[in-house]
Amino acid sequence: KNQVEQSPQSLIILEGKNCTLQCNYTVSPFSNLRWYKQDTGRGPVSLTIMTFSENTKSNGRYTATLDADTKQSSLHITASQLSDSASYICVVSADDYKLSFGAGTTVTVRA
Amino acid sequence: GAGVSQSPRYKVAKRGQDVALRCDPISGHVSLFWYQQALGQGPEFLTYFQNEAQLDKSGLPSDRFFAERPEGSVSTLKIQRTQQEDSAVYLCASSHRTGTLVGDTQYFGPGTRLTVL
């Protein structure tokens with residue numbers, strides 16, 4: 001039933017390495033897609049937002065891509081830091097007020 | 001503070017007790033949302049307010065759940081006769097408009113972690 005699927009469920013990377021998170025969605029109609037970062041014990045914080053016409057968006061070391069034809073998105077983290085340890089949630093919105101959340105990918109960065 | 005605040009941050013209730021969770025949205029935000037987040041899952045929509053009007057409560061799991069925003073600012077989520085399956089983090093978010101369009105964002109509070117024993 002979940003319209004937003006994320007993979008992997010979790011991953012562990014060494015500090016300084018890169019990683020890529022995946023998101024597939026079936027939400028329709030589509031308005032925009034966001035990636036949120038949720039630190040443990042905190043609420044989600046928006047990292048990037050992309051509309052149908054955008055296929056890439058960067059925010060510092062975070063780069064998101066969107067393929068609206070295949071309904072896939074990715075979030076790439078470059079040169080990871082310990083502070084990147086968090087859950088990353090893919091969120092898709094239609095034309096109304098409801099957001100559809102993925103289950104998130106838990107990223108653990110180790111020194 | 002400038003962000004969304006929630007209280008209490010943690011609540012432990014015995015099964016059958018009533019609880020009330022509070023949300024203070026960002027000043028001036030028209031829209032307010034409540035979400036339920038189970039462990040290891042993304043948030044699930046519960047209810048939506050535009051000012052004091054509750055426009056959508058379709059996500060509330062049962063009639064034990066009740067939310068209000070009487071003056072269009074602070075909101076309270078009340079759960080009556082709590083059950084173990086109510087254990088979750090309850091997130092509140094606010095936005096200028098609906099928070100789903102470009103240029104408008106839902107800002108989340110830190111959540112209230114409810115544990116029902």
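The values are calculated or read from the model by the stated rules, or taken from the named source; none is laboratory data. Source: prediction; values computed, not measured. Cβ coordinates were reconstructed from backbone atoms using ideal geometry, including for glycine residues, and neighbour counts include every protein chain displayed. Heads up: the accessible areas ignore ligands, DNA and RNA and are worked out on the full protein's heavy atoms, side chains in. Shrake-Rupley method; radii C 1.70, N 1.55, O 1.52, S 1.80 Å.
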Q. Across region B:91-106, which residue is farthest from the other protein chains (Cβ to nearest Cβ) among those that are in contact with a Gly (Cβ under 8 Å, 6 or more places away or on another chain) and surrounded by fewer than 21 Cβ atoms within 10 Å (Cβ to Cβ)?
A. B:H96
**Q.** Matching residues, region B:20-53, being open to solvent by less than 10 Å² (accessible area, probe 1.4 Å) and either part of a strand (DSSP E or B) or in contact with a Cys (Cβ under 8 Å, 6 or more places away or on another chain) (or both)
**A.** B:L21, B:C23, B:S31, B:L32, B:F33, B:W34, B:Y35, B:L46, B:T47, B:Y48, B:F49
Q | Of residues in region A:80-93 being in contact (Cβ under 8 Å) with a residue 60 or more places away in the chain and closer than 19 Å to A:D39 by Cβ, the one surrounded by the most Cβ atoms within 10 Å (Cβ to Cβ) | A | A:I89
Q.
With open to solvent by 10 Å² or more (accessible area, probe 1.4 Å) and over 13 Å from the mean Cα position of the chain (by Cα) as the only criterion, which of B:G59, B:G72 stands out?
A. B:G72
Q: State yes or no: is B:K78 open to solvent by 40 Å² or more (accessible area, probe 1.4 Å) and under 21 Å from B:S95 (Cα atoms)?
A: no
Q.
Which of the numbered conditions does A:S80 fail, given that it passes all the others? Conditions: (1) touching an Asp or Glu at 6+ places or on another chain (Cβ under 9 Å); (2) of a type in the set (G, A, S); (3) more than 11 Å from every other protein chain (Cβ to nearest Cβ); (4) closer than 26 Å to B:V4 by Cβ.
A. (4)
Q.
Only one of A:D69, A:D39, A:D96 is under 23 Å from B:R97 (Cβ atoms) and either open to solvent by 70 Å² or more (accessible area, probe 1.4 Å) or without any contact (Cβ under 8 Å) to a residue 60 or more places away in the chain (or both). Can you tell me which?
A. A:D96
Q | Flag if B:D18 is farther than 30 Å from A:S10 by Cβ and modelled with pLDDT of 95 or more | A | yes
Q.
Take the conditions more than 11 Å from the chain's Cα centre (by Cα), of a type in the set (K, R) and part of a loop (DSSP other than H, G, I, E, B) and apply them to A:K17. Does it pass?
A. yes
Q) In this structure, does A:S53 turn out to be over 24 Å from B:L39 (Cα atoms), part of a loop (DSSP other than H, G, I, E, B) and open to solvent by 30 Å² or more (accessible area, probe 1.4 Å)? A) yes
Q.
Among the residues of region A:1-59, what is the count of those that are in contact with a Pro (Cβ under 8 Å, 6 or more places away or on another chain) and either within 20 Å of B:Y107 (Cβ to Cβ) or among the charged types (D, E, K, R) (or both)?
A. 7
Q) Are any residues in region A:84-107 more than 9 Å from every other protein chain (Cβ to nearest Cβ) and part of a loop (DSSP other than H, G, I, E, B), and if so, which ones? A) A:S85
Q: May I ask you to list the residues in region A:63-83 that are within 18 Å of A:L14 (Cβ to Cβ) and part of a strand (DSSP E or B)?
A: A:H76, A:I77
